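Peer 1: One structure is given below, represented as structure tokens, and several questions about it will come after.
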Ligand code: GRG
């Protein structure tokens, strides 16, 4: 699992470096590269490749789409760390982008990473028919905007120090984190032009994985070591963040995660041994410490 994740990370970074190298240079690109490289775990690309293997999709195609997802993810982290958002000084073991380059540069680098994701999806480097590319652009924009990551982030900030229900927390976490995983899970079915019902099945799978990922992330904040995590930990409680841990407690949150994993594994049984890679990824998500 770790070896495969490292290979995916390496291939994604290679794709992005080459993609950027072939563009004209700009001053903003330094801050963009700072947000992208060496980057994080590339777990979203791993999920893309796990689900892609159920449909026998070309590896390099998935790496290119994963690179686009990685641009959006890097953008969201740069903006998440800004003083007007979560105000964090450290990310991935180094100073946050706004600490290194200043706020205005961090905002603009983030915006440029967002648009770069769509450049990648429409580029001739992605060997897919235009009709499919339009569907991918449509899905990724829906997952990123007010009904997805940006909307979820709004709720996350809005819920601070407020009493909110379990349903509200789940809705916020699915938007903030789950929607990008939804996109990754839906991509292979979109490429293979599967029915709307099948695409929806994979989107729901993605939002469940994203929810699991977010709860595991909150558990790291709760009990994690900031040196290992590469970011400040034990901050959710101080900030009055609404999380499932703050509402249900630590043990009940772990139980909740186990239930998500067993439900996902049951739903994927129809894919037989092909779904084993994804099972391993879910275990990794739950047991990670960064
Ligand atoms: C991206 C459209 C768009 C809007 C920005 C700031 C913002 C609105 C959203 C923030 C969303 C956010 C930070 C969600 C948290 C997701 C999360 C658990 C991030 C950590 O992901 P990892 O662990 O990070 O995969 P690495 O460093 O491994 O890549």
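Peer 1: How long is the gain from residue 94 to residue 122 if the chain were fully straight, where each residue apart is worth 0.36 nm and the alpha carbon distance is subtracted?
Peer 2: Net length gain for the segment: 6.9 nm.
Peer 1: Report, in deg cm²/dmol and to the nearest 500, the calculated mean residue ellipticity at 222 nm for the chain, where each DSSP H run with n ≥ 4 adds -39500 (n - 2.57) and the sum is divided by the residue count.
Peer 2: Only helices count here, giving -22000 deg cm²/dmol.
Peer 1: Then there is this: Give the order of 1, 286, 142 when sorted by the count of other beta carbons within 10 angstrom, beginning with the fewest. Walk me through the numbers on the way to the answer.
Peer 2: On the way: 1 11, 286 17, 142 14.
Ranked by crowding around the Cβ, least crowded first: 1, 142, 286.
Peer 1: Could you work out which residue, out of 275, 182, 45, moves most in a Gaussian network model of the chain, that is, has the largest mean-square fluctuation with Cα springs under 10 Å?
Peer 2: 275
Peer 1: OK, next. Taking the Cα of residue 192, stepping 7 Å toward and past its beta carbon, and measuring to each backbone N in region 35-57: which are under 12 Å?
Peer 2: 51-57
Peer 1: What's the exposure ranking of 101, 284, 37, going from fewest to most Cβ atoms within 10 Å? Provide the component values of the computation, followed by the final result.
Peer 2: Details: 101 22, 284 17, 37 13.
Sorted ascending by nearby Cβ count, the order is 37, 284, 101.
Peer 1: To continue, here is another question. How large is Rg/Rh for the chain, to two decimals, with Cα atoms and a Kirkwood Rh?
Peer 2: Numbers: Rg = 18.1 Å, Rh = 19.2 Å.
With Rg and the Kirkwood Rh in hand, the quotient comes to 0.94.
Peer 1: Evaluate E = 1/(1 + (r/R0)^6) for residue 108 and residue 130, where r is the Cβ-Cβ distance and R0 equals 30 Å; express this FRET efficiency to the nearest 0.05. Could you put the intermediate results ahead of the total?
Peer 2: On the way: r = 30 Å, r/R0 = 0.99.
The pair residue 108/residue 130 has a calculated efficiency of 0.50.
Peer 1: Evaluate E = 1/(1 + (r/R0)^6) for residue 85 and residue 200, where r is the Cβ-Cβ distance and R0 equals 35 Å; express this FRET efficiency to the nearest 0.05. It would help to have the intermediate numbers written out before the result.
Peer 2: Working: r = 31 Å, r/R0 = 0.88.
Calculated transfer efficiency: 0.70.
Peer 1: Counting only C-alpha contacts under 8 Å and six or more residues apart, can you give the relative contact order of region 1-69 as a whole percent?
Peer 2: On the way: 37 pairs, mean separation 32.9, N = 69.
It comes to 48 percent, rounded to a whole number.
Peer 1: Which order do 115, 177, 233 fall in if you start with the one that has the fewest other Cβ atoms within 10 Å? All intermediate terms of the calculation are to be shown ahead of the outcome.
Peer 2: Working: 115 11, 177 26, 233 16.
Fewest to most other Cβ atoms nearby, the residues stand as 115, 233, 177.
Peer 1: Let me ask something additional. I'd like the FRET efficiency for residue 6 and residue 225, computed as 1/(1 + (r/R0)^6) with the beta carbon distance as r and R0 of 35 Å, rounded to 0.05. Show your work: numbers first, answer last.
Peer 2: Working: r = 22 Å, r/R0 = 0.62.
With R0 = 35 Å, the Cβ-Cβ based efficiency is 0.95.
Read the figures in this text as sums done on the coordinates, not as results from a lab. Owing to the predicted nature of the structure, the values given are computational and were not obtained by experimental measurement. Please note: Cβ atoms are built from the backbone with ideal geometry, for glycine as well, and neighbour counts cover all protein chains shown.
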